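**Q** Input: one structure, supplied below.
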Amino acid sequence: MDTSDTFFHDATVKDGSSPVTGRHGLGGLGANYRYPRPAISLDELLTEIQAVADLPLERGKTFPAEAYTSAELLDWEVEHVLGANWICLAHISQVPKPGDFINLDVLGEPLIVVHGKDGQIRVLSRVCPHRAMDIMPPGFGYDGYGPADPREGSPGCGHTRLFLCPYHHWSFELDGSLKGCPEMQKAEGFCRDETGLKSFRSEVWNGFVFLNLSGDATPVAEQYAELGKDIAGWDPANLTVVIAKEWDCPFNWKVLVENFMEGYHHLGAHCKTLQVFMPAKNTWTEAERAHSMRVNLPYKDSVTADPEVDFATISTLPPDQLHQMAVYLGQPSFLLFNGPDRLFWYRIDPISPDRSRLLTTCLLSESALADPEFEKKLAMAETQMIAFHLEDMEVCTAVQRGFYAKGYQRGRLSHLEMPIWLFQRYLAARARGTYPTLDRPAAPSQK
Ligand code: FES
Ligand SMILES: [Fe+2]
């Protein structure tokens, strides 16, 4: 059996389920007895997070295990970190035409990202204003019933002229307003104009569609001004999502963020893949910023582009980006990394302290799409992307199991794990209430 089936499914898999077992029979979290950790209150945990973040990097250490297992902390993060900020939901290339939409769930909210007839991209709730039905529950449209056509190629994508609730057939325009509601003429005082799908605050920045549930986050362009400069050479608004894979992750969302951002684990987890051309020891982190982070992963000198595998280098890249990859975090969960011919974007959504839903995507430029060898190179890119991500899935899964073990010990950080330390400082600033300003002098660049 193809081992990749154990963790992910893509748009062609209709049942939405995926078992959670590793290549080496690690099993899911449920396979192990869980040592009942001594209770630690949310206040104690937040105090300890701040204490850890107060340490200089040279004395840096990991969080207590409860930071990755506590339901109370996750509730706090959803309210004060994730829900209070911008969450990237989609890229505009996934909804290129009016009527195109993406159906997704984030932080427990059933949502639709929809391209309206007026050209606006909106984020609407899928919760019907009649009796709370999800207007496009899992499996929608696959039986050929209803107005929405699913589109192959990206999870949850489709096209429609209107939204129809399958329960009592109320219908809605693409902007969420009520279009039809049968047999409601005797409902006294019922006001059609005041009834519709709830619309959430959203912004499109560099082609990415962001949601802010609290409604009061600083505009995306302001928060990610430095990140915008970092990725400008890729012209992200004109890229196209060509690969999108959903993964069922048996670990805390912060495990993924921490793993994604540090290059130290190339040494072990990616010893046969990424380490070969981007050795851990060469990775370095740029100066601390309030809202984003950048880590550079230089290629070995001997590495050259392979025209059989790589697409042409994007012509507008700055010289310092031509012989390396870089990873970025738009705080708190907007994850990007890029190489000279492509950009990857990851969306992580917590479901519980030890379970998350992950979307991994690859975006390419117009010149790559026009490559005569496009199909062949895309297939290779997909195989490679799955291979190195499976390596990450295995370590992240096993790390989460460690958090439940009596043998768990707080570890010390390498200087190559500066991104973990910066992420700790960001969370601590949130806990202290000093965010969005850095609550101490910015840490300098490692180069
Ligand atoms: S719940 Fe949607 S029409 Fe009744
Ligand atoms: Fe990795």
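No lab work stands behind these numbers, since they all come straight from the coordinates. Given the structure is predicted, the values throughout are model-derived calculations rather than measurements. Neighbour counts are summed over all protein chains in view; Cβ atoms, including those assigned to glycine, are modelled from backbone coordinates with ideal geometry.
**Q** On C-alpha positions alone, give me the angle between the axis of helix 374-403 and the longest principal axis of the chain, in degrees, nearest 10.
**A** Taking the Cα atoms of the chain, the angle to 374-403 is about 70 degrees.
**Q** Once you've got the Cα coordinates, tell me which of 198/254; 245/376; 61/254 are over 21 Å apart. Kindly include the intermediate steps, with their values, before the conclusion.
**A** On the way: 198/254 29 Å; 245/376 18 Å; 61/254 15 Å.
Pairs exceeding 21 Å: 198/254.
**Q** For the chain, report the % of Cα-Cα distances exceeding 28 Å.
**A** Values: 51925 of 99681 pairs.
Within the chain, distances greater than 28 Å cover 52 percent of Cα pairs.
**Q** Now for a separate question. Using the scaling law 2.2 N^0.38 Å as the reference, what is the normalised Cα Rg of the stretch 386-442? Can you show the working numbers first?
**A** Working: Rg = 15.2 Å, N = 57, 2.2 N^0.38 = 10.2 Å.
The value comes to 1.49.
**Q** Here's another thing I want to ask about it. Would you mind ranking 285, 47 so that the residue whose beta carbon has the fewest other beta carbons within 10 Å leads the list? Don't skip to the answer; put the middle values down first.
**A** Values: 285 27, 47 14.
Going from sparsest to densest Cβ surroundings: 47, 285.
**Q** Now, a different point. With the cut-off at 19 Å, report for the stretch 137-293 the share of all Cα pairs above it, as a whole percent.
**A** On the way: 9191 of 12246 pairs.
Value for the stretch 137-293 (Cα pairs over 19 Å): 75 percent.
**Q** For the stretch 87-205, take the alpha-carbon Rg, divide it by the Kirkwood Rh, and send me Rg/Rh.
**A** On the way: Rg = 14.0 Å, Rh = 14.6 Å.
Using only Cα positions, Rg/Rh for the stretch 87-205 is 0.96.
**Q** Moving on. Multiply the residue gap between residue 382 and residue 203 by 0.36 nm, knock off their C-alpha separation, and tell me the result in nm, one decimal place.
**A** On the way: separation 179, 0.36 × 179 = 64.44 nm, distance 2.92 nm.
That works out to 61.5 nm of additional length.
**Q** Hey, another quick one. So how far apart, in nm, are the two label points at residue 374 and residue 277 if each is 7 Å from Cα heading toward Cβ?
**A** Label-label distance for residue 374 and residue 277, simple model: 2.2 nm.
**Q** Among the listed pairs 281/447; 97/229; 117/179, give every one whose C-alpha distance is greater than 20 Å.
**A** Among 281/447; 97/229; 117/179, the Cα-Cα distance tops 20 Å for 97/229.
**Q** Pairs of Cα atoms under 8 Å, at least six residues apart: use those to get the relative contact order of the stretch 258-386, whole percent. Please report the intermediate quantities before stating the final value.
**A** Numbers: 184 pairs, mean separation 22.4, N = 129.
Worked out over the stretch 258-386, it gives 17 percent.
**Q** Do the sum for the chain: with -39,500 (n - 2.57) for every DSSP H run of n ≥ 4, divided by all residues, what is the mean residue ellipticity at 222 nm, to the nearest 500 deg cm²/dmol?
**A** Working: 9 runs with 93 residues, N = 447.
Theoretical 222 nm ellipticity from helices: -6000 deg cm²/dmol.
**Q** Using the Karplus curve 6.51 cos²θ - 1.76 cosθ + 1.60 with θ = phi - 60°, what ³J(HN,Hα) values do you get for each residue of the stretch 342-357, in whole Hz, with x for Gly and Pro?
**A** 7, 10, 10, 10, 10, 10, 10, 10, x, 10, 8, x, 10, 8, 9, 10
**Q** Over the chain, what relative contact order in percent results from Cα pairs under 8 Å that are six or more residues apart?
**A** On the way: 845 pairs, mean separation 92.7, N = 447.
Relative contact order for the chain comes out at 21 percent.
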